[in-house]
Amino acid sequence: SRGDNASGPLVRAGVDWRATDRSTFSFDGVWQYTDAASSLAAGGGTGFDADLGGASIIGTEAITPDVYEEKSIEAGYHFVATRLNVDALARYATYRYEDLTGLPSNRDETGLGFNIGYLLRPRLTLGAIAEVNYRDFTVTDTSERDYRIGAYLTQQLGPQWSWRVDLARYDRNGDGAIQSYNENS
């Protein structure tokens, strides 16, 4: 409806390598044109909230009709022992919007995340999470740094029921027009 056409590759690839009975390495890559609705439907929108100037925000996605080119790579590690589970993830992504008349959202993102869970009893797990995400907005020459630390307790009651309680601290530090933000939840 805007009169322009954009085309490009659609590449999504992932490889998991189970190095031992307890250790798995994963590598994923994406090169695609997408929008926020497609990303959310595919399971995106996890992690930190993005403050993109008035758009509706869910996870890291601004809910707008704007199409953007996404290029991302992720590397992960998963360790499972009798009582201890460890997950680590490193990610780099670029987002380039086709139409910049709305939000100046072109950005580069780098992130790291850790999740450690310890089995207290056969179905009761105590865990801790830590995440950091850096965003550099290329159009406005601003950046933000997001941090999240937290703890959780979860219990599997049966095959289909479980409960979970989380405590988390979010900190966003931005420069320029990006405001800093802190939240306990």
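Results, tabulated for the structure shown:
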read-out: Solvent-accessible area per residue for region 90-185 (1.4 angstrom probe, square angstrom); value: 60 Å²
read-out: Surface accessible to a 1.4 Å probe, TYR92 within the full protein complex, Å²; value: 100 Å²
read-out: Distance between modelled label sites at GLU98 and VAL132, nm, 7 Å Cα→Cβ extension; value: 3.6 nm
read-out: Potential extension, LEU119-VAL165 segment - 0.36 nm per residue separation minus Cα distance; value: 15.0 nm
read-out: Rounded percent of accessible protein surface that carbon and sulfur make up, region 65-185, 1.4 Å probe; value: 58 percent
read-out: Sites VAL139 and TYR181, calculated FRET efficiency, Cβ-Cβ separation with R0 22 Å, nearest 0.05; value: 0.55
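The values are calculated or read from the model by the stated rules, or taken from the named source; none is laboratory data. This one's a predicted model, so the numbers in the text were calculated from it and none came from an experiment. Counting neighbours? That spans all protein chains shown, and the Cβs are built from the backbone with ideal geometry, glycine included. Each accessible area value is taken on the protein alone, full model and side chains, heavy atoms only, with ligands, DNA and RNA left out. Shrake-Rupley method; radii C 1.70, N 1.55, O 1.52, S 1.80 Å.
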